[in-house]
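J.: Pasting in a structure now, in structure tokens, and then I'll have a few things to ask.
Coordinate-derived values only; no laboratory data. Quantities reported herein were computed from a predicted structural model and do not represent experimental measurements. So basically every Cβ, Gly included, is an ideal-geometry build from the backbone, and we count neighbours across all protein chains shown.
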Amino acid sequence: AAARGRAMAEHSTGGGAMAGLAAPADVVAPLLADGPVVIAGYNGPNQTVVAGPAAAVDAVVAGAERAGIDCTRLAVSHAFHSPLVAPAAEAFDAWLAGREFGPVEGRVVSTVTGEPLEPGADLRALLRRQIADPVRFGQALELAGKDVDLFVEVGPGRTLSALAGTALDVPAVALDTDDESLSSLLRVVGTAFVHGAPVDHGALFVGRLVRPVEIGAEFSFFASPCERAPEVSVGTVTRPAPGPSGPSGGDADAGAAPGEPAEGGALA
């Protein structure tokens with residue numbers, strides 16, 4: 001990945017741009033005519049990406065908008081998957097020449113060809129083509145979706161899982177490597193478990209101090225001593241009326257009638 005990035009940065013032609021058009025490829029193709037803009041990505045039934053020189057891409061976008069097609073200019077450094085990055089593909093191919101690759105193991109659906117890779121596939125040629133050739137994501141997704149119950153995107157962001165979720169009925173979740181929390185990991189694990197995948201829950205707690213929880217058990221909590229104190233009930237105490245007294249010897253509660261509680265006389 002680092003070598004590919006260096007090749008892109010050092011050998012690509014500048015001044016390129018890309019845009020996403022909310023339309024199928026057969027609708028987008030006539031907008032390109034014979035100009036320098038090409039289809040860079042077949043992302044789905046109604047999502048096509050174009051790339052080329054910036055001014056030419058702007059002209060295509062303007063024409064698409066006049067035709068009522070929603071367009072989004074992409075924030076990119078180069079016109080990826082177009083002839084403008086072909087020099088980078090050649091430079092990367094020179095780097096790949098000194099590397100050995102083993103046979104393909106397991107089922108791999110290529111977004112370069114849109115088809116499954118054979119065990120003897122020329123991976124060096126595919127990696128070179130992947131730089132300048134269009135991405136056949138929609139075709140690969142449709143093919144892979146026939147045999148899977150869940151798509152999991154692994155990498156930064158959630159763009160691909162969002163595309164997959166709108167293109168197929170197969171659920172798609174993202175293990176976002178930019179997420180510093182465990183939320184995306186737990187979302188993936190939980191979704192996989194719901195769909196019947198075996199989950200090693202113990203791996204989530206390796207190196208972490210946790211208390212075992214017995215599902216369905218009744219919990220007991222520490223009680224506050226104040227909450228456990230017995231209730232005390234005290235009745236009202238009445239004070240007898242004072243006897244006659246002189247003007248200067250009056251009691252503060254002298255005004256209370258016989259048999260009535262004096263102010264402040266209740267005990268709690």
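J.: How many percent of Cα pairs in the chain exceed 25 Å? Don't jump to the answer; show the numbers that get you there.
T.: Working: 23616 of 35778 pairs.
The answer is 66 percent, as a whole percent.
J.: Mind checking Rg over Rh on segment 2-144, alpha carbons, Kirkwood formula for Rh?
T.: Numbers: Rg = 16.0 Å, Rh = 15.9 Å.
Radius of gyration over Kirkwood radius for segment 2-144 works out to 1.01.
J.: In the chain, once you exclude exposed GluC sites (Glu not before Pro) (DSSP loop, at most 12 other Cβ within 10 angstrom), what's the longest stretch remaining?
T.: On the way: sites that count: 100, 105, 180, 214, 218, 231, 263.
That gives 1-99 as the longest site-free run.
J.: Quick one: work out the % antiparallel among DSSP beta bridges in the chain, nearest 5. Intermediate results must be reported in sequence, preceding the final value.
T.: Numbers: 16 of 22 bridges.
Taking every DSSP beta bridge within the chain, about 75 percent pair in antiparallel fashion.
J.: Could you list the chymotrypsin sites (Phe, Trp or Tyr not before Pro) in segment 176-242 that lie in coil according to DSSP, counting only those with at most 16 other Cβ atoms within 10 Å of their Cβ? Mind dumping the intermediate values first?
T.: Working: sites: 193, 205, 219, 221, 222; in loops: 219, 221, 222.
Of the chymotrypsin sites (Phe, Trp or Tyr not before Pro), the ones in loops of segment 176-242 whose Cβ has at most 16 other Cβ atoms within 10 Å are 219, 221, 222.
J.: Further, regarding this structure: Between 85, 148, 213, where does the largest GNM mean-square fluctuation fall for the chain, given springs only between Cα atoms within less than 10 Å?
T.: 213
J.: Turning to a different aspect of this structure: Among 80, 137, which comes first, second and so on when ranked by fewest other beta-carbon atoms within 10 Å?
T.: On the way: 80 23, 137 20.
Ascending number of Cβ neighbours within 10 Å: 137, 80.
J.: Relative contact order of the chain, please, whole-number percent, based on alpha carbon pairs below 8 angstrom and at least 6 residues apart.
T.: Numbers: 393 pairs, mean separation 35.4, N = 268.
Dividing the mean separation by the residue count of the chain yields 13 percent.
J.: Express in % the proportion of alpha carbon pairs of segment 105-218 at distances exceeding 19 Å. If you can, show how the numbers build up before the last one.
T.: On the way: 3847 of 6441 pairs.
Within segment 105-218, distances greater than 19 Å cover 60 percent of Cα pairs.
J.: Give me Rg over Rh for segment 151-197, both radii from the alpha carbons and Rh done the Kirkwood way, two decimal places. Don't skip to the end; give the middle numbers.
T.: Numbers: Rg = 10.4 Å, Rh = 10.8 Å.
Rg/Rh for segment 151-197 comes to 0.96.
J.: Over segment 122-182, what lengths in whole Å, largest first, do the semi-axes of the equivalent ellipsoid take, defined as the square roots of 5 times the eigenvalues of the alpha-carbon gyration tensor? Before the final figure, lay out the partial values.
T.: Values: eigenvalues 101, 61, 20 Å².
In descending order the semi-axes read 22, 17, 10 Å.
J.: Mind pulling the angle between the C-alpha long axis of helix 183-194 and the longest principal axis of the chain? Nearest 10 degrees, somewhere in 0 to 90.
T.: The angle comes out at about 80 degrees.
J.: Then there's this: Quick check: residue separation of residue 143 and residue 27 times 0.36 nm, minus the Cα distance between them. What number comes out in nm? Let's see the in-between values first.
T.: Numbers: separation 116, 0.36 × 116 = 41.76 nm, distance 2.24 nm.
Net length gain for the segment: 39.5 nm.
J.: For Cα pairs less than 8 Å apart in space and 6+ apart in sequence, what is the mean separation divided by the residue count of segment 151-197, i.e. the relative contact order in percent? The partial results should precede the final answer.
T.: Working: 58 pairs, mean separation 16.4, N = 47.
For segment 151-197, the relative contact order is 35 percent.
J.: If I build a Gaussian network model for the chain, linking alpha-carbon pairs within less than 10 angstrom, which residue out of 45, 171, 198 has the largest mean-square fluctuation?
T.: 198
J.: Given Cα positions, please report Rg to Rh for segment 83-139, the hydrodynamic radius being the Kirkwood one. Walk me through the numbers before you get to the answer.
T.: On the way: Rg = 11.9 Å, Rh = 12.1 Å.
Radius of gyration relative to Kirkwood radius: 0.99.
J.: A follow-up question, please. Within the chain, which is the longest segment containing none of the trypsin sites (Lys or Arg not before Pro) that sit in a DSSP loop and have at most 16 other Cβ atoms within 10 Å?
T.: By the stated rule (loop sites, at most 16 other Cβ atoms within 10 Å), 1-98.
J.: Could you work out the local net charge near residue 2, counting Lys and Arg as +1, Asp and Glu as -1, over the other residues with Cβ closer than 15 Å to its Cβ? Kindly include the intermediate steps, with their values, before the conclusion.
T.: On the way: positive: 4, 6, 99; negative: 10.
So the environment of residue 2 carries a net charge of +2.
J.: Okay, moving on. How big is the gap, in Å, between the Cα center of segment 95-137 and the Cα center of segment 13-62?
T.: Spelled out, the Cα-based centre of one part sits 24 Å from the other.
J.: Still on this model: D for segment 50-110, whole µm²/s, Stokes-Einstein with Kirkwood Rh over alpha-carbon pairs at 4 °C and 1.567 mPa s: what number?
T.: Numbers: Rh = 14.9 Å.
In µm²/s, the coefficient is 87.
J.: Name the residues whose placed amide hydrogens come within less than 5 Å of the amide hydrogen of residue 151, ignoring near sequence neighbours (fewer than 5 apart) on the same chain.
T.: Under 5 Å from the amide H of residue 151: 172, 173.
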